[in-house]
Amino acid sequence: MTARDLMQGWLQRQLPPEHWQWLEERNAAGAATPEKDLFITLGLIPRKLGKADLDLTADDLAAAERVQPGWSPQGWSVDGTARVLTLLQTVAGRNDFPERFRQLCRTADVAEAIAFYRGLILYPSPEALEPQAAEGVRSNMRAIFEAVAHNNPYPRLYFDESRWNHMVLKALFVDSRLHPIQGLDERANAELAQMLRDYAHERWAAGRPVSPELWRCVGPFAQDEAALADLDQAARSSDPNEQAAAALALSVSPSPLAAERLAAMHELAAQIADGTLTWDVLSARLDAA
Amino acid sequence: MTTPMYIDPHAHMISRTTNDYEAMAAAGVVAVIEPAFWIGQPRTYVGTYIDYLSTIVGWERFRAGQFGIRHYCTIGLNSKEANNEELAEQVMEILPRFALKDGVVAIGEIGYDEQTPLEDKYFRAQLELAKELDLPVMIHTPHRDKKRGTSRSMDVVEEHGLPPDKVVVDHNNEETIAETLQRGFWAAFSIYPGSKMGNERMVELLKQYGAERIIVDSACDWGVSDSLAVPKTAKLAAERGIPQEQIHKACYANALAAYGQSGQMSEEDWLNPSPIDQRTLYAGNSILRGGAAPRIEEPVSPAQAEDKLIIR
């Protein structure tokens with residue numbers, strides 16, 4: 001079973017037979033599909049197949065995780081799935097795919113770009129697509145940025161530290177969220193923690209709010225007094241979510257001075273100790289806000 | 001009373017600022033169509049063209065969404081640049097990859113500028129492309145030698161077998177309207193100060209011809225032009241006694257009917273956008289219209305709204 005098999009199964013199940021057959025016929029020539037035909041297929045897909053959300057069961061999601069760890073097709077659409085499948089059935093196996101992929105992204109409309117980037121992990125030799133994935137993160141269109149950054153294992157696996165750090169910082173910058181970024185804790189690093197603290201200082205100086213999520217990547221590197229002082233400031237916030245974030249960050253700080261600070265936040269410390277306050281819990285609260 | 005909804009079916013938003021989008025949304029413009037056009041400076045590389053077309057199907061569409069305005073576009077090689085044969089050949093190669101993007105409602109604006117043989121060649125080639133892809137066409141009629149250029153444009157469309165009801169002939173005036181309507185085409189008017197149509201003249205035409213197959217647009221671009229030309233014309237028409245139903249046709253419904261034939265534009269897009277479009281095109285600001293009543297931003301100051309009602 002491959003990702004391609006799964007996507008074929010999902011589309012075949014959801015689409016009327018004549019629509020599914022149309023897609024099969026368009027891609028029947030495989031790698032020999034002429035370029036013009038490929039572009040026309042990609043353009044016609046939403047016109048022919050519609051833009052409904054892809055209907056997926058828990059079993060489908062589990063199957064996706066088995067064939068490609070981290071692959072999360074939840075929230076994919078019919079047209080987006082058909083476009084990724086089309087690339088897999090035609091150009092993805094070709095030696096010149098990285099260049100073709102660059103061209104496809106360069107001329108993509110918004111929905112196409114989202115689909116292409118969501119599929120990054122599914123194409124052969126995904127490491128060769130890294131420069132284009134980075135281009136996606138540079139987009140000013142938040143939904144395109146999130147197609148790479150959110151619910152996508154690609155950045156965690158293929159971005160170097162600098163690329164990774166700038167992606168995390170940009171997520172905050174464009175009012176996006178950190179929680180859907182895969183590998184957030186595993187790829188936290190001292191450089192990123194410093195960048196995020198500097199960013200928090202800029203926000204404070206401008207009188208603007210600081211996302212509670214920011215402290216998640218700071219906590220494990222909050223070692224010296226200056227870093228702890230930043231967490232103190234977050235803890236003094238009038239926003240309960242920011243206080244909770246400060247407490248969570250303190251709970252993983254390597255500094256011996258962090259423990260007593262956390263202990264002073266009695267209730268939050270107790271919630272962390274008994275597992276009722278976690279980043280997942282806090283993130284759900286931010287989602288609801 | 002809710003503010004009436006308007007469509008500006010010819011607006012080069014790539015040349016306009018966020019102030020324009022804000023003012024248009026406040027005035028009731030719910031959707032714009034951005035025709036691919038000449039950007040003032042000739043393009044000399046196909047790459048520049050690719051980036052331009054990518055911008056109007058991508059970034060500009062997204063940008064409009066941030067102001068609660070739905071953005072559509074037309075794709076084509078304009079008549080001026082058709083005279084650069086090397087460029088024109090390369091642009092013709094890449095048009096098929098843009099013509100079916102999300103929100104592309106026609107091939108356009110295409111037609112004649114100086115009516116040269118090269119303009120004729122690429123006008124015809126693009127009519128064939130529209131036929132192949134089953135898309136409506138937006139025709140730019142020439143500024144100079146307009147009457148004959150307009151007749152000739154329609155002759156060529158008929159010669160290529162496109163049905164006139166899928167073709168919008170734009171930049172009409174008092175001299176061209178009768179023939180355009182008589183031959184069954186959509187007749188669009190660009191309310192553009194100085195060179196094209198003024199809105200007082202437009203109101204007179206509505207009195208004389210009614211609103212069947214009449215479309216009002218602004219053609220606002222990098223020149224001295226007015227992004228509020230459609231709502232201003234509607235307001236002037238109402239003041240001068242044109243029935244609301246006719247104003248609705250000329251400033252909203254006819255454009256929707258003509259370009260809606262692409263299958264890419266429907267009222268649902270702004271009255272009840274699909275969840276997917278909300279996630280992708282309206283991300284960022286919570287400025288969704290939500291329901292049938294168009295969202296009214298903070299009202300523009302009365303001085304701003306009344307200012308320059310007459311466009312000459």
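Tabulated data
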quantity	calculated
Candidates B:277, B:269, B:307, filtered to the one that is farther than 19 Å from residue B:26 by Cα and modelled with pLDDT under 95	B:277
Qualifying residue in segment A:111-120 (condition: part of a loop (DSSP other than H, G, I, E, B) and surrounded by fewer than 24 Cβ atoms within 10 Å (Cβ to Cβ))	no
Filter result for the condition that a residue is under 26 Å from residue A:150 (Cα atoms), aliphatic (A, V, I, L, M) and assigned to a helix (DSSP H, G or I), over A:281, A:210	A:281
Conditions (1) more than 27 Å from residue A:46 (Cβ to Cβ); (2) in contact (Cβ under 8 Å) with a residue 24 or more places away in the chain; (3) polar (S, T, N, Q); number of the one not met by residue B:48	(2)
Listing of helices (runs of 4 or more DSSP H) fully contained in segment A:126-200 that carry 3 or more residues being over 22 Å from residue A:233 (Cα atoms) and within 14 Å of chain B (Cβ to nearest Cβ)	A:130-138, A:142-149
Those residues of segment A:21-44 which are away from chain B (no Cβ under 11 Å) and among the aliphatic types (A, V, I, L, M), in sequence order	A:23, A:28, A:29, A:31, A:32
Conditions (1) at pLDDT 95 or above; (2) in contact with a strand residue (DSSP E or B) (Cβ under 9 Å, 6 or more places away or on another chain); (3) among the charged types (D, E, K, R); number of the one not met by residue A:99	(2)
Residue in segment B:243-262 that is at pLDDT 95 or above, away from chain A (no Cβ under 14 Å) and part of a loop (DSSP other than H, G, I, E, B) present	yes
Hey, residue A:104 under 20 Å from residue A:154 (Cβ atoms), in the same structural domain as residue A:130 (by the TED database) and touching a residue at least 60 places away in the same chain (Cβ under 8 Å) or not	yes
Test: residue in segment A:128-137 that is in the same structural domain as residue A:26 (by the TED database) and more than 20 Å from the chain's Cα centre (by Cα)	no
Among the residues listed as A:13, A:47, A:106, A:94, the single one being at pLDDT below 95 and away from chain B (no Cβ under 14 Å)	A:94
Pick from segment A:221-242, criterion assigned to a helix (DSSP H, G or I) and acidic (Asp, Glu), ranking: surrounded by the most Cβ atoms within 10 Å (Cβ to Cβ)	A:230
Residues of segment B:97-123 classified as in a helix (DSSP H, G or I), more than 8 Å from chain A (Cβ to nearest Cβ) and of a type in the set (A, V, I, L, M, F, W, C), total	2
Matching residues in segment B:17-39 - criterion: being assigned to a loop (DSSP other than H, G, I, E, B), touching an Asp or Glu at 6+ places or on another chain (Cβ under 8 Å) and of a type outside the set (A, V, I, L, M)	B:37, B:38
Some residue of segment A:210-220 being surrounded by fewer than 18 Cβ atoms within 10 Å (Cβ to Cβ), at pLDDT 95 or above and either over 14 Å from the mean Cα position of the chain (by Cα) or over 24 Å from residue A:256 (Cβ atoms) (or both)	yes
Subset of segment B:46-95 [away from every other protein chain (no Cβ under 14 Å), surrounded by fewer than 19 Cβ atoms within 10 Å (Cβ to Cβ) and part of a loop (DSSP other than H, G, I, E, B)]	B:80, B:84
Test result for residue B:7, part of a helix (DSSP H, G or I), at pLDDT 95 or above, surrounded by 16 or more Cβ atoms within 10 Å (Cβ to Cβ) and at negative phi	no
Unique residue being without any contact (Cβ under 8 Å) to a residue 60 or more places away in the chain, surrounded by 23 or more Cβ atoms within 10 Å (Cβ to Cβ) and in contact with a strand residue (DSSP E or B) (Cβ under 7 Å, 6 or more places away or on another chain) when the list is B:140, B:171	B:171
Boolean, residue A:197 is in contact with an Asp or Glu (Cβ under 6 Å, 6 or more places away or on another chain) and not assigned by the TED database to the domain that holds residue A:151	yes
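The values are calculated or read from the model by the stated rules, or taken from the named source; none is laboratory data. The structure displayed is predicted, hence computed values, not measured ones. Neighbour counts are summed over all protein chains in view; Cβ atoms, including those assigned to glycine, are modelled from backbone coordinates with ideal geometry.
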